[in-house]
Amino acid sequence: MRLNKYIARAGIASRRKADELTKNGEVKVNGLTVREPGYDVRDEDAVEVSGRLVGRADKPVYIMLNKPAGCVTTAKDDRKRPTVMDFTADIEERIFPVGRLDYATSGLLIMTNDGELAHALTHPKHEIYKTYIAKVSGVISDEKLAKLRRGVDIGGFVTSPAKVAVIGQAGRVAEVEIQILEGRNRQVRKMFAAVGGSVVGLKRVAVGDIRLGRLKEGQYRKLRREEVDCLIAPPSNNSNEI
Ligand code: URA
């Protein structure tokens, strides 16, 4: 396997960053500095990056977790709150979450040990719709929907056009399906706040064509081959309709 791919797979850096580290002399194979990103790493080789031994490139693992509300999307939490790692503790490979969901948000979280894919998925150029079901207090008028569809200012950033539809109304709470392209911090909550709505519950139900389905909260499952493939090369969808 090419050296840059090996380093990226191990979750150390993106392939491009791995190229840089290699050219800067930060990478050793079997104790010798290698400056060629295309160097062919064999199974028995020991690779070091900046003095740290990189584990053998684990076989890539891709899972989806149905993250419950009330846990953080980090490996460790200073405040000792539950983390998503608590739900995947029996997975041997060193996986990590791709992007994040807020403490109070539940739903589909992809986790992997494939640093390269994780990097690609969180890059702004990687346009893939993320679908959420938001419970929003109040009534969501057609005018508010139109604003969300056009894109709203969430504090110095204007969101791309969203796909949005009201799918239910229970008393003073509207149930809204919203699909967004970016993954800015608290984006859905900020988008509704921008049109005068307050999100009281939020769940991610799909990433691209990968759907949470009936997976129970706190449980995970491996992604199928075709699900991984569609993350790598998502089908394009530019329509504004849900
Ligand atoms: N938007 C939010 O507001 N929160 C999330 O966790 C994800 C998207």
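The values are calculated or read from the model by the stated rules, or taken from the named source; none is laboratory data. No experiment lies behind these values; they were computed from the predicted model shown. Note: ideal-geometry Cβ built from the backbone for every residue, glycine included; neighbour counts use all protein chains shown.
The set of residues in the range 1-42 that are outside any strand (DSSP E or B), in contact (Cβ under 8 Å) with a residue 12 or more places away in the chain, among the charged types (D, E, K, R) and more than 25 Å from MET111 (Cβ to Cβ) comprises ASP19, LYS23, GLU26, ARG35, GLU36. Among the residues making up the range 120-155, those that are over 25 Å from the mean Cα position of the chain (by Cα) and in a helix (DSSP H, G or I) are ASP142, GLU143, LYS144, LEU145, ALA146, LYS147. Suppose we keep only residues that are of a type outside the set (Phe, Trp, Tyr) and under 30 Å from SER106 (Cβ atoms) within the range 46-64. Which one would you say is modelled with the lowest pLDDT? Result: ASP58. Scan the range 130-164 for residues that are β-branched (Val, Ile, Thr) and in contact (Cβ under 8 Å) with a residue 12 or more places away in the chain and jot them down. Within the range 130-164, THR131, ILE133, VAL136, VAL139, ILE140, VAL152, ILE154, THR159, VAL164 qualify.
Would you call ARG42 within 25 Å of LEU121 (Cβ to Cβ), at pLDDT below 95 and not assigned by TED's automatic domain parsing to the domain that holds PHE96? Spell out how you get there, then give the answer.
Details: within 25 Å of LEU121 (Cβ to Cβ): no; at pLDDT below 95: yes; not assigned by TED's automatic domain parsing to the domain that holds PHE96: yes.
In short, no.
Considering only the range 197-221, state which residues are among the basic types (Lys, Arg), away from the ligand (no atom under 12 Å from the Cβ) and in a strand (DSSP E or B). Within the range 197-221, ARG211, ARG221 qualify. Is one or more of the residues making up the range 18-40 surrounded by 15 or more Cβ atoms within 10 Å (Cβ to Cβ) and of a type in the set (S, T, N, Q)? Yes, that holds for at least one residue.
Quick test for you: out of VAL207, VAL195, VAL199, pick the one residue that is among the hydrophobic types (A, V, I, L, M, F, W, C), farther than 22 Å from GLY70 by Cβ and surrounded by 15 or more Cβ atoms within 10 Å (Cβ to Cβ).
Exactly one of VAL207, VAL195, VAL199 is among the hydrophobic types (A, V, I, L, M, F, W, C), farther than 22 Å from GLY70 by Cβ and surrounded by 15 or more Cβ atoms within 10 Å (Cβ to Cβ), namely VAL195.
In the range 56-64 there is at least one residue matching the filter, namely being within 25 Å of the chain's Cα centre (by Cα) and more than 30 Å from LEU212 (Cβ to Cβ). Contact map, the range 102-129: residues that are in the same structural domain as ASP77 (by TED's automatic domain parsing) and at pLDDT below 90 paired with residues that are among the acidic types (Asp, Glu) and away from the ligand (no atom under 12 Å from the Cβ), Cβ distance under 7 Å, separation 6+ or inter-chain. Pairs shown: ASN113/ASP58; ASN113/GLU93. Figure legend. Inter-residue proximity from the range 171-196: first residues assigned to a loop (DSSP other than H, G, I, E, B), second residues near the ligand (Cβ under 9 Å from one of its atoms) and not aliphatic (A, V, I, L, M), beta-carbon distance below 7 Å, spacing 6+ or different chains. Indicated pairs: GLY183/GLY99; GLY183/LYS130; ARG186/ASP102.
Taken together, GLY168, GLY208, GLY196, GLY151 contain a single residue that is over 30 Å from VAL61 (Cα atoms), among the small types (Gly, Ala, Ser) and touching a Pro at 6+ places or on another chain (Cβ under 9 Å), which is GLY151.
Note on the range 129-150: residues that are surrounded by fewer than 17 Cβ atoms within 10 Å (Cβ to Cβ) and within 16 Å of the ligand (Cβ to nearest atom) amount to 2. When you look at THR33, is it modelled with pLDDT of 90 or more, hydroxyl-bearing (Ser, Thr, Tyr) and in the same structural domain as GLU217 (by TED's automatic domain parsing), yes or no? No, not satisfied. Would you confirm whether any residue within the range 166-181 is under 18 Å from ALA69 (Cβ atoms), within 15 Å of the ligand (Cβ to nearest atom) and surrounded by 14 or more Cβ atoms within 10 Å (Cβ to Cβ)? Yes; the residues of the range 166-181 include at least one that is under 18 Å from ALA69 (Cβ atoms), within 15 Å of the ligand (Cβ to nearest atom) and surrounded by 14 or more Cβ atoms within 10 Å (Cβ to Cβ).
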